[in-house]
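Read the structure below first, then the notes.
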Amino acid sequence: MSVPDNQSTYWNSTGTTKTFGHPLHTAWTTRLARDAALLDHGCGYGRLAGELAALGFTGVEGVDVSPELVARARSEQPAARFTVLADPPRLERPDGAYDAAFLFAVLTCVPDDAAQQALVAELHRVLRPGGLLQVSDYLLQPDERNQERYRRHEERYGRFGVFETSDGAVCRHHTRERLDELFAAFEPLDERELAVLTMNGRPAVATQLLLARR
């Protein structure tokens, strides 16, 4: 079975109940002017956009494929702007429109290789040269529960690390080599590993990357 590149039905139903907890590394935001044009791609219900606005950033925009999540974001985070992506990953913005972008726990929700590559290419297009990209996503987890479900779904989806959740999502955890491959057009500036919780409340290890558009 091929890996899905769009799970909008899930994110407009079950996905609206999830809590997203990848933390913003505020030390990296000090590189940005308070009036910088910032993009929160895959903004969900606007948690990260709201945190950026609370730090004093005035040009925050969030985009997501889910109208239900965007409606919640608009209600809860009035200091930011939010847009529903009609033709993901395409953004109705000119080249170089943003000074920085944030991609937090989004690649895990886009398990298809080609769809991931298209998303990263679109971010590269809309970032100005030298613009910053902050990425936060899940690495392959070493515990037996995750390793078992990677193995169980590998034949079905054709790659190790793609799996189905108990409530109907298809997700992906990544090797570091996969992330390096995806972001080869960006210059690495900094990185860190950290403990996070998944959208279903389980502990996991994530990596956060600070990159610059070449």
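Taking a ≥ b ≥ c as the square roots of the eigenvalues of the alpha carbon gyration tensor, region 1-85 is prolate, as a/c is not under 1.5 and a/b beats b/c. Taking θ as phi - 60° and the Karplus parameters 6.51, -1.76 and 1.60, the scalar couplings of region 20-30 work out to 10, x, 4, x, 6, 8, 5, 4, 6, 6, 5 Hz in sequence order, x denoting glycine and proline.
For a quick check, take a GNM of the chain with Cα springs below 10 Å and name the residue from Arg178, Arg159, Arg202 with the largest mean-square fluctuation. In this elastic network of the chain, the residue with the biggest mean-square fluctuation among Arg178, Arg159, Arg202 is Arg202. Averaging Cα coordinates gives a centre for region 114-184 and one for region 29-76; these two points are 22 Å apart. When the chymotrypsin sites (Phe, Trp or Tyr not before Pro) in region 156-214 are filtered for DSSP coil states and for at most 16 other beta-carbon atoms within 10 Å of their beta-carbon, the remaining sites are Phe160.
Secondary-structure-derived ellipticity at 222 nm for the chain, considering helices only, amounts to -8000 deg cm²/dmol, per-run term -39500 (n - 2.57) for DSSP H runs with n ≥ 4. Work out, in µm²/s and without decimals, the Stokes-Einstein translational diffusion coefficient of region 78-139 at 25 °C, 0.890 mPa s, Rh from Kirkwood over C-alpha pairs. Rounded to a whole number, D works out at 195 µm²/s. Summary value for region 9-91: 28 percent relative contact order, contacts being C-alpha pairs under 8 angstrom separated by 6+ residues. Leaving out ligands and nucleic acids, note down the accessible area per residue over region 56-195 with a 1.4 angstrom probe, in whole Å². About 45 Å² of surface per residue is accessible. Rolling a 1.4 Å probe over the protein heavy atoms of the chain, with every protein chain left in place, gives an accessible area that is 50 percent carbon and sulfur.
When only C-alpha pairs under 8 Å and at least 6 residues apart count, what is the relative contact order of the chain, in percent? RCO, the chain: 21 percent. A Förster radius of 25 Å, combined with the Cβ-Cβ distance separating Thr165 from Ser75, puts the computed FRET efficiency at roughly 0.40.
Antiparallel versus total DSSP beta bridges in region 75-214: what percent is that, nearest 5? Please report the intermediate quantities before stating the final value.
Working: 21 of 28 bridges.
Bridges in region 75-214 are about 75 percent antiparallel.
Computed 3J(HN,Hα) for region 173-178, one whole-Hz value per residue from the Karplus formula 6.51 cos²θ - 1.76 cosθ + 1.60 where θ = phi - 60°, is 10, 10, 6, 5, 4, 5, glycine and proline marked x. Amide H contacts of Asp137: Ala105, Thr207, each under 5 Å away and 5 or more positions distant or on a separate chain (H built 1.01 Å from N in the peptide plane; Pro and chain starts excluded). For region 116-133, backbone phi angles converted through the Karplus equation (6.51, -1.76, 1.60; θ = phi - 60°) give residue-by-residue couplings of 4, 5, 5, 5, 5, 5, 5, 5, 4, 5, 7, 7, 5, x, x, x, 9, 10 Hz, Gly and Pro being listed as x.
The values are calculated or read from the model by the stated rules, or taken from the named source; none is laboratory data. Since the model is a prediction, treat every value here as computed from it, not as a measurement. Note: ideal-geometry Cβ built from the backbone for every residue, glycine included; neighbour counts use all protein chains shown. Note: areas computed on protein heavy atoms with side chains; ligands, DNA, RNA excluded. Shrake-Rupley method; radii C 1.70, N 1.55, O 1.52, S 1.80 Å.
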